[in-house]
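Visitor: After the structure tokens below, expect a handful of questions from me.
The values are calculated or read from the model by the stated rules, or taken from the named source; none is laboratory data. Here the structure is a predicted model, which is why all the values come from computation and not from measurement. Note that each Cβ is placed from the backbone with ideal geometry, even for glycine, and that neighbours are counted across all protein chains shown. When the accessible area is computed, the model is the full protein with side chains, heavy atoms only, and any ligands, DNA or RNA have been set aside. Shrake-Rupley method; radii C 1.70, N 1.55, O 1.52, S 1.80 Å.
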Amino acid sequence: IPEDHADKLLLASWGLPKAVVEKYHSLGVVQMFEWQAECLMLGQVLEGKNLVYSAPTSAGKTLVAELLILKRVLETRKKALLILPFVSVAKEKKCYLQ
């Protein structure tokens, strides 16, 4: 990430509501990895364009998807559909995102 975008590693710099940022902070998520911020800054993904990315298990892919979904839902006031591979993960995310 270029030096002038280093602040983009911090969750608080993405324009999310304070309550959302505080919830992530309470779970120990204060900043992203560089590759996650790069995904969010690519092209026009924040405006609803497609993003395809690949990373190993437990690398942080879900955080990128969550942030994209949260920003779009809050900005457009439309619903989003999050498809997850396992029932256990779906239940965990349901509680987490509520």
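Visitor: Pairs, please: C-beta under 7 Å, at least 6 apart or cross-chain, first residue closer than 13 Å to Lys71 by Cβ and free of Cβ contacts under 8 Å to residues at least 40 places away in the same chain and in region 42-53, second hydrophobic (A, V, I, L, M, F, W, C) and loosely packed, with under 14 Cβ neighbours inside 10 Å?
Guide: Leu51/Leu42
Visitor: Tally up the residues in region 24-49 that are part of a helix (DSSP H, G or I), modelled with pLDDT of 90 or more and open to solvent by 70 Å² or more (accessible area, probe 1.4 Å), please.
Guide: 5
Visitor: Going through Ala55, Ala80, Ala19, Ala59 one at a time, which residue ends up being in a helix (DSSP H, G or I) and either at pLDDT below 90 or loosely packed, with under 15 Cβ neighbours inside 10 Å (or both)?
Guide: On the way: Ala55 fails: in a helix (DSSP H, G or I); Ala80 fails: in a helix (DSSP H, G or I); Ala59 fails: in a helix (DSSP H, G or I).
Just one listed residue meets the conditions, Ala19.
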